[in-house]
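The values are calculated or read from the model by the stated rules, or taken from the named source; none is laboratory data. Just so it is clear, the model here is predicted, and its values are computed rather than measured. Heads up, the Cβs are rebuilt from the backbone with ideal geometry, glycines too, and the neighbour counts pull from every protein chain shown. Keep in mind that these areas ignore ligands, DNA and RNA; they rest on the heavy atoms of the full protein, side chains included. Shrake-Rupley method; radii C 1.70, N 1.55, O 1.52, S 1.80 Å.
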Amino acid sequence: MSTTSNSTLLLCFTFSFVFSSCSLASNVTYDSRSLIIDGQRKLFLSASIHYPRSVPGMWPGLVKTAKGGGINVIETYVFWNGHELSPGKYYFDKRWDLVKFARIVQQEGMYLILRIGPFVAAEWNFGGIPVWLHYVPGTVFRTDNEHFKFYMQNFTTYIVNLMKKEKLFASQGGPIILSQIENEYGDIERVYGEGGKPYAMWAAKMAVAQNIGVPWIMCQQYDAPDPVINTCNSFYCDQFKPNSDNKPKIWTENWPGWFKTFGSRDPHRPVEDVAFAVARFFQKGGSVHNYYMYHGGTNFGRTSGGPFITTSYDYDAPIDEYGIARLPKWGHLKQLHEAIMLCEHALLHGVQTLVSLGPSQEADVYSEASGGCAAFLSNADEENDKTVTFKNVTYHLPAWSVSILPDCKKVAFNTAKVGFQSSIVEMAPENLQVSSDKKSASLQWDIFTEKAGIWGEADFTKNGLVDHINTTKDTTDYLWYTTSVYVNENESFLSNGSRPKLVISSNGHALLAFINQKLEASAAGNGGGSAFKFDSPINLKAGKNDIDLLGMTVGLSNAGPFYDFVPAGLTSVKLEGFNNGTIDLSSNTWIYKIGLEGEHLKIYQPSGSNSVKWQSTSEPPKNQPLTWYKAVVDAPNGDEPIGLDMVDMGKGLAWLNGEEIGRYWPRPSSIYETCTADCNYRGKFNPNKCSTGCGEPTQRWYHVPRSWFKPSGNILVIFEEKGGDPSRVKFSRRKVTGVCALISEDYPSLEYESWNEDMTVKKEIRPTLHLNCPKGTLISAIKFASFGTPTGKCGSYSKGDCHDPTSLSKVEKVCLNKQECALSLSKRNFNMTLCHSSTKKLAVEAECSTSS
């Protein structure tokens, strides 16, 4: 060993005390089979976790939970508009600390994929591009436009240089093995005409010139030039092929769920289908796979896009918005990952052979010269289970499933057979508690009500209506449009009991209409279309009538061709029902005011709280629009994640200790939409296939990170636009209160630890039911247990025709008052001759309670 090598190792050893990890530089290349790290092909299972959609206090736990789920790579976008707040002025503090996030990934011994973009889409406000850039004269986003390219290159270079400075690229010993430029541009490139392809080629060339020492990728970029790798984003990417035989097959976005918009249903993607898609991808030669999202998190503040994207970005992901593993999804995918990694060497070095097993059934076999062999047996039939013969052995393949055979003999995993436990998760409510130094007093609310219309001095006056976004430049959601109309005493509606109508057309997104300082009507678009039209009867008096219209945005467009020019705001205002017909106010003289007085004075921050005169009360007014509410409260008990229950409020914004919780809007979805309690996982998924929550609020609870709380003296501020009941606002603790599982004797019984390195089986074990309550809790009761032919799902199991009456006592003996337990389907535990020819199953539901 040379002196230089000794010095390097000593330095690495010394630094490990500071950074908890230290790595030597890695050489990252690729061939047609995979990425190659220091000459070794590897499989990569990646998880999207967006650093600003959680908080630094959550990052270590999220990364550990991902790693525990069989993930070896974390993926994140870089959010330009969160970092470059104005030209050349950068911010990397708190949840925007990208370097800290990367270090946490590195300390866990994991890799990182950095998708710089800097356009990200991601249901993020303005697609991640700063709004200020739109107002640089002559700028058009994402085309061969010199202004846009100048600022895009500046930001990309800034991020690259920051990563280089911190030695975060793998070529420097860091965790970053891939970086991405642009995002899903190939699908819309042609729409930009002559500016499309030159821009895409420029972006690729600009990225490669950064000399980062690791490959660049471009997702959905079918003409990505060498050496940039084009990748796939979809619900299914098994049939995807890169545009060169020299490039590996990479799936940058597998959507395990879907996003929500205010007023929509709650979409869910069954884990059986997610697992099927992943297994098929590796079956067909894939080598880098990323879940978008693995933890969706929260769109804090005004960061959500869409428009109408909810504050929750939970995404039905394997780790939920609050940081809790979603079971069984997380667990079933963990077992899938273990089975895939058992096949790693064969997949990356074996010769692939396709074997037909039926009309919709096939096997992909990877054979090595050394004798190693792995096989994936798939059944793409959407309705029928099939029995197939492979290598003279019969295998049962459920419909729409893949069985993984790491040794081409034994089934280690089947995508449709979910044996991992499910969790019962509840939001346990707690009334807001008065700060601890005032325990004897009732909760006091401070109230400040905004004036409807122009507060302070007007920003400007103009004949006609203006575009909302071009006026506010997204510095606020709110824009006041104010005018007046004179009503003659002889108008018929003043005496005959009829009412005139206010008729409005708008490009979106939402509106409150005040007549003479009274809220008369409200309207909004939705995730299917921002624009809306509405008419509403209103009350007018003889003489002058003030008309104050509060326009509101609910996040800016985040994707699509020329999305930077999508308008918002009023386009037409009319009054119907007058003696002389319709009065068109659209070209009237309008007075405009940007934002709210409370916003302007920052009364949601502790430093600005005393800028207005609050009125104190223990009984806050209900259903009062344009009202700020402030209360000083204790932190909720325990250490569980916290949600703010806003089901009895209307629409608005909320803060805790000056931190932006975000937009709230418990807007219900339509009762006429289709929801299903039992979703058939078979067949191709789409976002409308498996939905719940019809007629219920799209989002009731709003995540408040524990790290934002102090033990007492927490300042909760709510701005209510329409009117609600703040006395019913609550904190809720997100708790796992129970676990349950169902296994069958025909489930794969080979666990990851039961395989030797040469893919021979150490020992065969019977299918085993595992229950595990969260740390600090025990199995306090068995609510259901049946060995025989039980049916149903977690929370609603029922006994079948065959049932062992001793099931409950047997399960209680093994599991009660323990944090975890396991029961195998074996003669030692159960009468395996029961039920005659029926396939025997075991179903258990247990309650988890805090240990004393």
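Per-residue answers, yes or no, for (1) open to solvent by 70 Å² or more (accessible area, probe 1.4 Å); (2) touching a Phe, Trp or Tyr at 6+ places or on another chain (Cβ under 6 Å):
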residue: Trp655; (1), (2): no, yes
residue: Glu659; (1), (2): no, yes
residue: Ala677; (1), (2): yes, no
residue: Asn688; (1), (2): yes, no
residue: Gly695; (1), (2): no, no
residue: Val717; (1), (2): no, yes
residue: Val729; (1), (2): no, no
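Quick check, is Tyr395 out of contact with any Gly (no Cβ under 7 Å at 6 or more places or on another chain) and open to solvent by less than 70 Å² (accessible area, probe 1.4 Å)? Taking the combined requirement at face value, the residue satisfies it.
Might you check whether a residue that is surrounded by 14 or more Cβ atoms within 10 Å (Cβ to Cβ), of a type in the set (Asp, Glu) and more than 28 Å from Gly263 (Cα to Cα) occurs anywhere in the stretch 470-485? There is no residue in the stretch 470-485 that is surrounded by 14 or more Cβ atoms within 10 Å (Cβ to Cβ), of a type in the set (Asp, Glu) and more than 28 Å from Gly263 (Cα to Cα).
Checked against (1) open to solvent by 20 Å² or more (accessible area, probe 1.4 Å); (2) under 27 Å from Asn623 (Cβ atoms); (3) without any contact (Cβ under 8 Å) to a residue 60 or more places away in the chain, Asp546 passes all but condition (3). The strands (runs of 3 or more DSSP E) found wholly in the stretch 550-595 and carrying at least 3 residues that are aliphatic (A, V, I, L, M) occupy 570-578.
Residues are listed down the side, and each one gets a yes or a no for (1) in contact (Cβ under 8 Å) with a residue 60 or more places away in the chain; (2) buried (at least 23 other Cβ atoms within 10 Å of the Cβ); (3) of a type in the set (Asp, Glu):
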| site | (1), (2), (3) |
| --- | --- |
| Lys284 | yes, no, no |
| Gly297 | yes, yes, no |
| Ser312 | yes, yes, no |
| Ala325 | yes, no, no |
| Lys329 | yes, yes, no |
| Thr353 | no, no, no |
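Can you name the residue in the stretch 398-427 that is under 28 Å from Gly323 (Cβ atoms) and of a type in the set (Gly, Ala, Ser) and is also surrounded by the most Cβ atoms within 10 Å (Cβ to Cβ) among such residues? Taking the candidates together, the pick is Ser423. Screening the stretch 176-224 for residues that are surrounded by 22 or more Cβ atoms within 10 Å (Cβ to Cβ) and of a type in the set (S, T, N, Q) and picking the one that is farthest from Phe240 (Cα to Cα) gives Ser179. Quick one: would you say Val131 is under 29 Å from the mean Cα position of the chain (by Cα) and at pLDDT 95 or above? The answer is yes for Val131. Can you spot a residue in the stretch 640-663 that is charged (D, E, K, R), assigned to a loop (DSSP other than H, G, I, E, B) and closer than 30 Å to Gly776 by Cα? Within the stretch 640-663 (the criterion being charged (D, E, K, R), assigned to a loop (DSSP other than H, G, I, E, B) and closer than 30 Å to Gly776 by Cα), the answer is yes, since at least one residue qualifies.
Screening the stretch 376-462 for strands (runs of 3 or more DSSP E) wholly inside it with 2 or more residues that are out of contact with any Cys (no Cβ under 8 Å at 6 or more places or on another chain) and in contact (Cβ under 8 Å) with a residue 60 or more places away in the chain returns the ranges 401-405, 422-431, 445-449. Could you list, in sequence order, all residues of the stretch 516-532 that are in a strand (DSSP E or B), open to solvent by 50 Å² or more (accessible area, probe 1.4 Å) and either of a type outside the set (Lys, Arg) or touching an Asp or Glu at 6+ places or on another chain (Cβ under 8 Å) (or both)? If the condition is that a residue be in a strand (DSSP E or B), open to solvent by 50 Å² or more (accessible area, probe 1.4 Å) and either of a type outside the set (Lys, Arg) or touching an Asp or Glu at 6+ places or on another chain (Cβ under 8 Å) (or both), then Leu519, Ser522, Asn526 are the ones that fit. Among the residues of the stretch 175-189, those that are of a type in the set (D, E, K, R) and either over 15 Å from Ser48 (Cβ atoms) or touching a His at 6+ places or on another chain (Cβ under 6 Å) (or both) comprise Glu182, Asp187, Glu189. Go through the stretch 622-679 and give me each residue that's small (Gly, Ala, Ser) and either in contact with a Gly (Cβ under 6 Å, 6 or more places away or on another chain) or in contact (Cβ under 8 Å) with a residue 24 or more places away in the chain (or both). Passing the criteria: Ala631, Ala635, Gly638, Gly643, Gly650, Gly652, Ala654, Gly658, Gly662, Ser669, Ser670.
The single condition from (1) open to solvent by less than 20 Å² (accessible area, probe 1.4 Å); (2) under 29 Å from the mean Cα position of the chain (by Cα); (3) farther than 23 Å from Ala524 by Cβ that Val554 fails is (3).
Can you pull out the residues in the stretch 454-469 that are in contact with a helix residue (DSSP H, G or I) (Cβ under 9 Å, 6 or more places away or on another chain) and either under 26 Å from Ala542 (Cβ atoms) or open to solvent by 30 Å² or more (accessible area, probe 1.4 Å) (or both)? Quick ask: steps written out before the conclusion?
Looking only at the stretch 454-469, we keep the residues that are in contact with a helix residue (DSSP H, G or I) (Cβ under 9 Å, 6 or more places away or on another chain), and these are 455-456, 459-460, 469.
Answer for the stretch 454-469, where residues must be in contact with a helix residue (DSSP H, G or I) (Cβ under 9 Å, 6 or more places away or on another chain) and either under 26 Å from Ala542 (Cβ atoms) or open to solvent by 30 Å² or more (accessible area, probe 1.4 Å) (or both): Gly456, Asp459, Phe460.
Here Gly776 passes the criteria (1) within 30 Å of Val632 (Cβ to Cβ); (2) open to solvent by 20 Å² or more (accessible area, probe 1.4 Å); (3) modelled with pLDDT of 95 or more except the one numbered (3). Restricting the search to strands (runs of 3 or more DSSP E) fully inside the stretch 55-173 and requiring at least 1 residues that are free of Cβ contacts under 8 Å to residues at least 60 places away in the same chain gives 73-77, 84-86.
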